[in-house]
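Take a look at the structure below.
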Amino acid sequence: MVATMTDLPISARVRAAIRARHYSRRTETSYLHWIRRFWLFIGRRDPATVGERAVTAFLNMLACEAEVSAATQNQAVSALLFYYRRVVGIELPWLDDVVRAKSAPRLPVVLTPDEVERLLAHVEGRAALPSALLYGSGLRLLEACRLRVKDVDLRTGQLVVRCGKGGKDRTTLIPASLRERLAAQLRFVRLQHRRDVEGGTGAVVLPAAFERKSPADARALPWQWLFPAARHYVDRETGELRRHHIHETGIQRAVRAAGRRAGLTKRVTPHTLRHSFATHLLEAGSDIRTIQSLLGHRDIRTTMIYTHVVGSRWAGVTSPLDRLPPIPTPDIANTKQPPDQPTPQPRSPTSTDEVEW
C-alpha cells in the first residue's frame, strides 16, 4: 500500500512542500518552528481541523501576551499562511482580525570611521578577515560566511554574492587594502583542501540541483568555502564527512568582544559594519542608486534610511542653547543635601480609605 501525503506527519508534509519550492534551510527551520508552536497551542490536534478562531487566538497571543516583535509575529503569520495554502490547500480570510505587533521605525546603529578602525583592530582570530569584508564590501554576515573560492576575483577587484537575501545574486567591490589578505586566505584554502583530499575528504555541500548534476564538484577547489570551518562534520543525509563554512555565531561573538575591548559605547553587531559601510559611502558623496546596488536592496526606500543617519537635515542648524550666555556649572560636591525624610509607616490593613480591587 502506497502512503499518500496526508498519511505523513505534519512536519514531513511541511518539509516536502518547502523543499519543492526551493526555500532556504533557514526558512524551513523557521516555518517548522512556528507551525509546531501552533500545533502545541491547539493541544496537538491537526491544524487542518481547527477554525479561524484558533489561528487568530494564537497570533493575538503572540502580540498581546508574548509581546513579540513585529518581525517575529510576521514570521509566524507567514509560516501559518504557507501551511494552510501550500500544505492543506485552503485560504485564510481572517488576517484583518489579527492584532498585529506594531513596528516603530528604527535608525540603524552606525560607527564613525575612527570607531570602525578601533573595532576591526580588536577582532581576533578567524573572524578578523570576514569582519573586515562586512565593512569593506557591505556584506551581510551570512553572505560573507558563504563566499566560495570562485566568488573572489582579485584581478578585477570584484566579489560575487550568490543567493543573497531573496535568492538574488549581485556583485560588490573588494577593498584594495584587503587584496593581499584575501590572496593569503586563498592560498590557505588551497593548501587545506589539498590535505583534505589526500586524507580522503575534501567535500563541501553544493546547491541542491547542482549537486545532483555534478556531484564530483563537491571536491573541486572553486567550490570550496573561502572561510572554512576548522573541523569536519558528518552530513545527515549522505553520511559523508564534509567541511562547512565558518559559523556565523563565531563572528558575532568576536565582533561583540572586540567592541568591548575597543571601549565602544554603542551596541555593536556584525550588521553594524554593513550599516557603517553604506553611511560612509553616502557621506563621501556616492550615488544612492550605487549604494542600493552594492547592498543588494530591492527597494530604494530601504537604502534611503541611511540619508536620515547622515544628518544632512541639520547642516547649518544651531541649537538655541548655544546662543545663550554660558550657563554656570553647579558645584555638585558642595551642594547642600536635603534633610532625610522620615520613613513612612505602613498603614493598618483596616484603614477606611482602602477599597477592594
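Bear in mind these aren't lab numbers, they're just calculated from the coordinates by the rules spelled out. Predicted, not measured: the structure shown is a model, and the values here were computed from it. Cβ sites come from the backbone with ideal geometry, for glycine too, and all protein chains shown count toward neighbours.
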In the range 69-167, the GluC sites (Glu not before Pro) that fall in loop regions by DSSP, at most 16 other Cβ within 10 Å: GLU91, GLU124
Along the three principal axes, how long is the chain when you take its alpha carbons, biggest first, rounded to the nearest angstrom? 82, 60, 39
Pairs of alpha-carbon atoms within less than 8 angstrom and 6+ residues apart define the contacts here; what relative contact order does the chain have, in percent? 16 percent
Quick calc, the chain, dipole around Cα centre from Cβ unit charges on Lys, Arg (+) and Asp, Glu (-), nearest 20 debye, gives 1520 debye
Across the chain, how many lysine pairs, 8 or more apart or on two chains, come within less than 30 Å at their alpha-carbon atoms? 9
Charge dipole of the range 5-97 built from unit charges on the beta carbon (Lys, Arg +1; Asp, Glu -1), centred at mean Cα; most positive-end Cα among ALA71, ALA20, PRO93 is ALA20
Search the structure for amide H atoms under 5 Å from the amide H of HIS244, placed 1.01 Å from N in the peptide plane, and list their residues when 5 or more places away or on another chain. ALA229, TYR233
Among SER30, CYS163, LEU295, the residue whose Cα sits farthest towards the positive end of the charge dipole of the chain, when +1 is placed on the Cβ of each Lys and Arg and -1 on the Cβ of each Asp and Glu, is CYS163
Distant-in-sequence amide H partners of ARG148 (H built 1.01 Å from N, under 5 Å): LEU226
Could you list the residues of the range 141-168 with an amide nitrogen less than 20 Å from a label point located 7 Å from the Cα of LYS213 in the Cα-to-C-beta direction? 148-152, 160-164, 167-168
Report, in whole Å, the centroid distance computed from the Cα atoms of the range 6-25 and the range 262-279. 38 Å
